[in-house]
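The values are calculated or read from the model by the stated rules, or taken from the named source; none is laboratory data. Just so it is clear, the model here is predicted, and its values are computed rather than measured. Neighbour counts are summed over all protein chains in view; Cβ atoms, including those assigned to glycine, are modelled from backbone coordinates with ideal geometry.
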Amino acid sequence: MKFSTKQIHAGREKNISPYGDVNIPIHQSTSFVHDSVDQYLEKGFSYSRTSNPTIELLEERLKQLEEGSGALCFSTGMAAIHSVFDGILKTGDHVIISDVVYGGTYRISKAIFAKYDIEFSFIDTSKSEDIKKAIRPNTKIIFTETPANPTLKICDLKLISDISKNHQILHVVDNTFMTPYLQNPLSLGADIVIHSTTKFFDGHNMTTGGCAVFSDNETYERIKFIRNTSGNIMSPFTAFLTLQGLKTLSLRLERQCLTAHLIAEHLNNHKVIERVFYPGLEDFPGHQISCNQSRDHGSLLAFIVKGDLNTGKKFADNLKLCLLAENLGSVETLVTHPASMTHGYLTQDERQSIGITDSLIRMSVGIEDPEDLLNDIEQSLASLHG
């Protein structure tokens with residue numbers, strides 16, 4: 001099956017309902033009855049902290065979409081990252097992480113796992129020489145995010161996967177921004193792909209969830225044990241809603257990518273815009289790599305409004321159609337001011353060093369009419385000088 005067919009039908013054979021439901025039913029049950037003690041391990045489901053039919057079907061669908069050997073769903077995207085780190089790392093290990101990365105990944109590394117004498121190096125993973133220099137004998141993970149949050153920095157997934165394999169290091173990729181419709185890190189050599197299903201898979205601001213997809217069964221089983229032990233599995237209702245949102249993923253993304261490109265082109269030569277960050281622009285660093293490893297360039301863009309911290313805040317506050325909210329990937333266009341919101345925990349020097357300036361705006365483009373979005377952007381830009 002092709003992608004748009006798989007996002008609707010993959011795993012349907014696992015629907016154990018006897019009624020022929022078109023929508024996969026919610027198995028909203030804590031436990032499952034067994035006919036005998038001897039059948040306990042044979043039935044497949046016992047307790048929903050371990051596994052559940054609705055969740056398992058979503059996992060089967062995500063596994064097929066990412067072309068992996070197994071998938072696990074979690075209560076949030078951060079729960080997925082936590083479980084992967086917990087299952088792989090031990091005291092004394094070292095991790096390389098992209099310098100531009102989702103704020104939650106930075107926090108969990110520095111505030112949680114660093115307490116256990118695990119070291120983290122945040123480096124520019126768009127430069128292969130910097131990666132090679134950062135590798136130590138105790139390096140266990142190279143964690144990349146491309147395009148990166150929020151400056152859309154691109155790194156070469158195939159190249160990093162090759163480096164990882166040469167040093168027997170696991171390459172973990174946060175693929176939330178691109179989804180398997182636009183980018184398949186496992187096919188480029190990555191070992192684990194992580195998503196916040198809250199974003200594009202849901203697509204409608206209804207749920208929080210996460211998943212990890214694995215290239216090998218051994219790592220899958222190890223992280224599955226961690227999930228069962230820690231109890232951070234996705235709920236059946238969230239799995240049900242995510243399955244519904246997933247059915248329109250490719251349609252939404254095609255519209256979102258097209259509109260994002262239009263907005264990026266519009267702002268690229270705008271008199272009050274200092275810089276636009278969008279991999280689809282030919283002059284954007286990493287544009288050719290994005291063309292090589294992705295089917296399109298995504299629906300996230302960022303731009304710097306000429307001015308200071310208050311200018312950035314004022315632009316975000318004065319939008320009327322675009323919503324000021326900390327999420328992305330939904331049918332609504334959402335805007336954040338990273339210096340105050342998603343990356344506000346960093347010092348100004350730390351933000352400046354990775355390109356997050358005081359007036360940087362991140363925009364997750366929805367499926368609204370492009371003309372209406374452009375009009376809203378223009379009226380907010382005009383208000384800065386009113």
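Quick check on segment 111-119. Is at least one of its residues of a type outside the set (A, V, I, L, M, F, W, C), closer than 22 Å to S164 by Cα, under 19 Å from the mean Cα position of the chain (by Cα) and assigned by TED's automatic domain parsing to the domain that holds P147? No - not one qualifying residue is present in segment 111-119.
Only one of the numbered conditions (1) surrounded by fewer than 19 Cβ atoms within 10 Å (Cβ to Cβ); (2) within 19 Å of Y278 (Cα to Cα); (3) over 23 Å from the mean Cα position of the chain (by Cα) is violated by D317, and that is (2). Here G103 meets the list (1) buried (at least 20 other Cβ atoms within 10 Å of the Cβ); (2) under 19 Å from G355 (Cα atoms); (3) not basic (K, R) almost entirely, failing just condition (1). A single entry from R275, R295 fulfils the requirement of being at pLDDT 95 or above, charged (D, E, K, R), within 30 Å of S383 (Cβ to Cβ) and surrounded by fewer than 23 Cβ atoms within 10 Å (Cβ to Cβ): R275. In segment 30-40 there is no residue that is in a helix (DSSP H, G or I) and crowded, with 17+ Cβ neighbours inside 10 Å. Scan segment 360-383 and give yes if some residue there is assigned to a loop (DSSP other than H, G, I, E, B), modelled with pLDDT under 90 and either touching a Pro at 6+ places or on another chain (Cβ under 8 Å) or hydrophobic (A, V, I, L, M, F, W, C) (or both), otherwise no. Within segment 360-383, none of the residues are assigned to a loop (DSSP other than H, G, I, E, B), modelled with pLDDT under 90 and either touching a Pro at 6+ places or on another chain (Cβ under 8 Å) or hydrophobic (A, V, I, L, M, F, W, C) (or both). Among the residues examined, F85 does not qualify as buried (at least 20 other Cβ atoms within 10 Å of the Cβ), assigned by TED's automatic domain parsing to the domain that holds M234, over 30 Å from T242 (Cβ atoms) and modelled with pLDDT of 95 or more.
Looking at segment 265-286, which of its residues are within 13 Å of V305 (Cα to Cα), outside any loop (DSSP other than H, G, I, E, B) and not polar (S, T, N, Q)? First the steps, then the outcome.
Restricting attention to segment 265-286, the residues satisfying the condition of being within 13 Å of V305 (Cα to Cα) are 267-277.
Subsequent filtering for residues that are outside any loop (DSSP other than H, G, I, E, B) retains 267-268, 273-277.
Residues satisfying the conditions are L267, I273, E274, R275, V276, F277.
Within segment 247-260, none of the residues are within 30 Å of N166 (Cβ to Cβ) and among the charged types (D, E, K, R). Put simply, of K63, K2 the only residue that is within 20 Å of the chain's Cα centre (by Cα) and either acidic (D, E) or modelled with pLDDT of 95 or more (or both) is K63.
One residue stands out among those in segment 49-74 that are in contact with a Phe, Trp or Tyr (Cβ under 9 Å, 6 or more places away or on another chain) and not in a helix (DSSP H, G or I): the one that is surrounded by the most Cβ atoms within 10 Å (Cβ to Cβ), which is L72.
Within segment 113-130, the residues that satisfy the criterion of being surrounded by 14 or more Cβ atoms within 10 Å (Cβ to Cβ), in contact (Cβ under 8 Å) with a residue 12 or more places away in the chain and of a type outside the set (F, W, Y) are I118, E119, S121, I123, D124, T125, S126, S128.
Filtering segment 224-242 to residues that are touching a residue at least 24 places away in the same chain (Cβ under 8 Å) and surrounded by fewer than 23 Cβ atoms within 10 Å (Cβ to Cβ) leaves K224, F225, I226, N228, S230, G231, N232, S235, P236, F237, F240, L241.
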